[in-house]
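The values are calculated or read from the model by the stated rules, or taken from the named source; none is laboratory data. Worth saying up front: this structure is predicted, and the values here are computed from it rather than measured. We place every Cβ from the backbone using ideal geometry, glycine too, and count neighbours over all the protein chains shown.
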């Protein structure tokens, strides 16, 4: 399963990529700005996305709209908690930072059923 990561904090993105990799997921790409996220969300091939709500002070919601239009599932991550999410996105999974990877993986598996990760993954 290929994952798009949209996260402006390089260390968090690298840690997330490592955690996904050890569980058999492939990171299709990593965007660190809203512009990169929009370009990747509209042009790349991937199965699911993990979106940081705030990218250097810019809201990630234009990326979420592109993904929604393409029918690609995604989750939000935020240091601010789900309480600050706009009503339009209240039905989407939100993970507060720091987050536990296992519930995130479980949610991804629920969003993209009938996919498997690489053999030997934890």
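Residues that are out of contact with any helix residue (DSSP H, G or I) (no Cβ under 8 Å at 6 or more places or on another chain) and either part of a helix (DSSP H, G or I) or surrounded by 12 or more Cβ atoms within 10 Å (Cβ to Cβ) (or both) within region 60-76 comprise 65, 68, 69, listed in sequence order. The number of residues in region 105-115 that are surrounded by fewer than 10 Cβ atoms within 10 Å (Cβ to Cβ) and modelled with pLDDT under 80 comes to 1. Of all residues in region 30-53, one or more are touching a residue at least 40 places away in the same chain (Cβ under 8 Å), more than 12 Å from the chain's Cα centre (by Cα), surrounded by fewer than 17 Cβ atoms within 10 Å (Cβ to Cβ) and not in a helix (DSSP H, G or I). Within region 82-89, is there a residue that is within 13 Å of the chain's Cα centre (by Cα) and over 18 Å from residue 106 (Cβ atoms)? No, region 82-89 has no match at all.
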